Structure formats: structure tokens, C-alpha cells
Amino acid sequence: MPETAEQLYARVGGALRMPPVDEWETFPFEGDMRPRSLAPPAEVDAPRRGASGVDCDQCTPTDDEFFWTNERWRLRALGPTGLPFVAILEPREHYAEPGDLPDELAAELGLLQARIERAIRGLGNIGRVHVCRYGDGGEHLHWWFIARPARLPQLVGSFVAIWDDILPPVPEEIWRDDVSRVAAALS
Ligand SMILES: [Zn+2]
């Protein structure tokens, strides 16, 4: 069994390591840095937005906030973003964790992840589409599709989500056209 939060906190003491970020081409920042000290454990994890479906801002929107939907899933585009394309796939019904999905929905999720990844990659000039689930913000299950541009080696890997906030947004006209093209590829 993994350590408790108290065990981990006690093991850390003050001994946090600083990885060699100055050697990492993908690290978005430079200058002197040190790890932020680790705060002591909380009693419990803070409840997420929309916990148990109460005041859930992913249950309430109408379909016009999404650029593709079917009877069970809805897909929204975030943007214009710094990266070429960022979208979020959500089940219509409120599920919290991937393991909470009934088998039928989980199976359809697998198909949709492949179709959506292919549709975004098909825009062109895309180096990779990362398909991710974090789930520490809103409780309503949602999957990220984060497309990075091709041929910009600093933007590979997991720091791309931070680069998205650093890069200036894609021109609105280009972004709207790309949303339409992904929607058309999925329909
Ligand atoms: Zn919800």
C-alpha cells in the first residue's frame, strides 16, 4: 500500500530535490529556481467543483456550447488557445472517475478517443495530440485532447500544457475554421 500523506511528508523532511531543469529544452522557464516547500497534509482532499453533480457546470450547459455531440458524449473546444487545438470530451451524465463508467460507455470512449485524436491530427501541422485525464478540478469526468504543433521541439512532452498559457492565442479566424473542420471529420 502506498504511504500515507503523513508518512510521505515525514520522509521528505526538508529534503526536496531540484531537478536539472536548466538542461531540459522543454522546460518553459529560466532563471534561478528552487522547489516550493511541501505543505503539511490536509485532513481530506478538498471537494472538486460540481461534486456529486451539485451545481456542476458540466451537467448544466446546453448542446450549443459544444461543437460535436451524440446521445452520450459532448465535445467542447477551448480557445482560441496558445496551442493549435485543445478540446475536452465529457459524458452527458455525471460520472466522476473513468472506472465509474459502465462498460458500454467505456467501450465507446475508446472509439471516440481514437476518432477525435485522428480528426485533430488531420488538421495538419500537428506534431502530436496528447489525450489526458487529470480530474482534480471539476468532478464531472472529462478528457483533454491537447494538440501541439509539429517542428517546435521545445513544445514536446507534458510541459506543453504550461506552454499553452505562455504562447499568444491562435488567430480567431484560424481557430474557428479548425473547430469546423474537426466537427466535420467527426460527423
Ligand atoms: Zn456533472
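The values are calculated or read from the model by the stated rules, or taken from the named source; none is laboratory data. Worth saying up front: this structure is predicted, and the values here are computed from it rather than measured. Cβ sites come from the backbone with ideal geometry, for glycine too, and all protein chains shown count toward neighbours. Quick note on the areas: whole protein, heavy atoms, side chains included, nothing else; ligands and nucleic acids left out. Shrake-Rupley method; radii C 1.70, N 1.55, O 1.52, S 1.80 Å.
Can you give me the span-like helices of the chain, meaning DSSP H runs with 18 Å or more of Cα extent along the axis and Kyte-Doolittle mean at or above -1.0? Span-like helices in the chain: 103-121, 172-186.
Counting Lys and Arg as +1 and Asp and Glu as -1 over every other residue whose Cβ lies under 11 Å from the Cβ of Gly79, the net charge comes to -1. Computed with a 1.4 Å probe over protein heavy atoms only, the accessible area of Val131 comes to about 60 Å².
A 1.4 Å probe run over the protein chains yields, for region 93-181, 57 Å² of accessible area per residue, whole-number rounding. Per-atom-type breakdown for region 1-103 gives carbon and sulfur 51% of the accessible area (1.4 Å probe, protein chains only).
Shown here for region 82-187: GluC sites (Glu not before Pro) in loop regions (DSSP other than H, G, I, E, B) with at most 15 other Cβ atoms within 10 Å, namely Glu93. Amide H contacts of Val170: Thr81, Gly82, each under 5 Å away and 5 or more positions distant or on a separate chain (H built 1.01 Å from N in the peptide plane; Pro and chain starts excluded). For the chain, Cys132 stand unpaired, since no other cysteine beta carbon lies under 4.7 Å from theirs. Residue order by solvent-accessible surface for Tyr95, Tyr9, Tyr134 is Tyr134, Tyr9, Tyr95, largest first, with ligands and nucleic acids left out and a 1.4 Å probe.
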